[in-house]
Amino acid sequence: MVRILIADDHAIVREGLKQLFALDKDIVVAGEAANGVQVLEILSTGGIDLLLLDMTMQGMSGANLISRICLLDNPPPILILSMHNEPQVARKALSAGAAGYLTKDSGHEILLAAIHKVASGGHFIEHALAEKLALESYANQSALLHECLSDREMLVFRMIAAGQNLNSVAIDLGISNKTVSAHKANLMRKMSFSSNAQLMRYAIANGIA
């Protein structure tokens, strides 16, 4: 059971979301908030498994609110549900500590899938937005994403880009599959990739292999 706190300053949006979640037996709406102060008050009492958060509410909101939430003891994962589809807005939210981002024009199947993935500890970025983030990164040649990788992460990146699977990488480097998977997860997170296809496109565009 995923206990959700819905944070949106539009009552009609909250009501619509509650009606949608009533159709999923594994989701229960445990609280509602119309502003940042209410979000922090409710979260301080515990009992929330996921915060479904609008980026723009009256008063404290956006990246500032996300950062405040992340300072709480045992904060729940944050999934952004926003009207904004600009890559820079999503990047700020994710950098501040959000675990997922999707827009309000997403289908209900995508929203439910995102909730379950983020609540279970994963990350989720709507596909169209993830593509925009990747393309924005490709265009910014003055700050290549792979420059943020450690030496070992870069080595794993090159080997994967060259077509090796994780088992092959582990054998060649003399480390466990679990360690290789951890390196891959870290590099995917640092470079804001949500799929192997994005990784390969970046590798090809930047001559990494």
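The values are calculated or read from the model by the stated rules, or taken from the named source; none is laboratory data. Computed from a prediction, not measured in an experiment: that's the story for all the values here. Positions of Cβ are backbone-derived with ideal geometry, glycine not excepted, and every protein chain shown enters the neighbour counts. Calculation scope for accessible area: heavy atoms of the full protein, side chains included, ligands and nucleic acids excluded. Shrake-Rupley method; radii C 1.70, N 1.55, O 1.52, S 1.80 Å.
Data table
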item	result
Close pairs from the stretch 103-125: first on the phi > 0 side of the Ramachandran plot, partner open to solvent by less than 70 Å² (accessible area, probe 1.4 Å), Cβ under 8 Å, at least 6 apart	121/77
Residues satisfying the stated conditions in the stretch 52-102, i.e. among the hydrophobic types (A, V, I, L, M, F, W, C) and free of Cβ contacts under 8 Å to residues at least 12 places away in the same chain	71
Cβ pairs under 9 Å, 6+ apart, first in the stretch 190-209 and farther than 16 Å from residue 155 by Cα, second assigned to a helix (DSSP H, G or I) and open to solvent by 60 Å² or more (accessible area, probe 1.4 Å)	192/91; 194/127; 195/127
Subset of the stretch 100-134 [of a type in the set (Lys, Arg) and within 13 Å of residue 27 (Cα to Cα)]	117
Within the stretch 142-198, considering residues that are of a type in the set (Ser, Thr, Tyr) and in contact with a Leu (Cβ under 8 Å, 6 or more places away or on another chain), the one farthest from residue 87 (Cα to Cα)	181
Any chance residue 171 is modelled with pLDDT of 90 or more and farther than 24 Å from residue 125 by Cβ	yes
Residue under evaluation residue 159, criteria (1) surrounded by 18 or more Cβ atoms within 10 Å (Cβ to Cβ); (2) at pLDDT below 85, criterion not met	(2)
